[in-house]
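A.B. asks: Before I ask anything, let me first share the structure, which is written out below as structure tokens.
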Amino acid sequence: MHTFTQVILFTDADGRARFRDQTLPLDEGTPAARLSALVPSGGLQLRESPVGFRSPFHCTVTPQWVFILQGQMEIGLQDGSSRVFGPGQHFYSADVLPDGASFDAALHGHWSRQLGDLPLITAFVRG
């Protein structure tokens with residue numbers, strides 16, 4: 001069976017953001033154009049982040065796919081690790097604030113920044 005690897009940024013049981021991979025089956029379509037099941041979405045939003053952009057730690061408000069269209073985006077986690085995503089790459093951002101929690105920048109969320117000489121252009125597709 002053919003699959004698609006979905007990179008997920010999520011909130012773990014300890015309240016910290018982490019990455020994990022999940023496979024989605026590509027079991028529809030034809031052998032020449034394999035498709036996943038249709039995934040409903042809540043809209044598309046485009047963003048341009050200038051050279052030098054960096055956010056503070058924050059949580060995702062609404063889970064969404066993030067597709068990198070131009071430039072590079074680095075996502076940093078509380079444990080000091082980070083991942084860099086470039087054009088054509090993606091992740092599913094779902095590291096929401098745990099129910100009943102108050103945001104603590106020393107515990108929750110992730111930061112993001114633009115890398116390189118090109119502005120970062122991303123497409124957000126709400127889940």
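A.B. asks: Within the range 46-82, report the chymotrypsin sites (Phe, Trp or Tyr not before Pro) that DSSP leaves as loop and that have at most 16 other Cβ atoms within 10 Å.
C.D. replies: 53
A.B. asks: Hey, another quick one. For the chain, what's the radius of gyration and Dmax over Cα atoms, in angstrom?
C.D. replies: Cα radius of gyration and Dmax of the chain are 15.5, 49 Å respectively.
A.B. asks: Next up: With r as the distance between the Cβ atoms of residue 28 and residue 103 and R0 = 35 Å, compute the FRET efficiency 1/(1 + (r/R0)^6) and round to 0.05.
C.D. replies: That pair, residue 103 with residue 28, gives E of 0.35.
A.B. asks: Okay, next question. Which net charge results for the neighbourhood of residue 108, defined as the other residues with beta-carbon distances under 13 angstrom from its beta-carbon, given Lys and Arg at +1 and Asp and Glu at -1? The partial results should precede the final answer.
C.D. replies: Numbers: positive: 16, 18; negative: 12, 14, 79, 95, 99, 104.
Residues close to residue 108 contribute a combined charge of -4.
A.B. asks: Sticking with this structure for a sec: Restricting to DSSP loop positions (anything but H, G, I, E, B) with no more than 12 other Cβ atoms inside 10 Å of their own Cβ, which chymotrypsin sites (Phe, Trp or Tyr not before Pro) remain in the range 90-127? Each step should come with its number before you reach the end.
C.D. replies: Working: sites: 91, 92, 103, 111, 124; in loops: 103.
Sites meeting the loop and neighbour criteria: 103.
A.B. asks: Got a sec to turn the phi values of the range 111-126 into Karplus ³J(HN,Hα) couplings, 6.51 cos²θ - 1.76 cosθ + 1.60 with θ = phi - 60°, whole Hz, x for Gly and Pro?
C.D. replies: 10, 9, 8, 7, 10, x, 8, 9, x, 8, 10, 10, 10, 10, 10, 5
Just so you know, all these numbers are worked out from the coordinates, no wet-lab data involved. In this text the structure is predicted, and so the values were computed from the model without any measurement. A quick note on method: Cβ atoms are made from the backbone with ideal geometry, for glycine too, and the neighbour counts reach across all protein chains shown.
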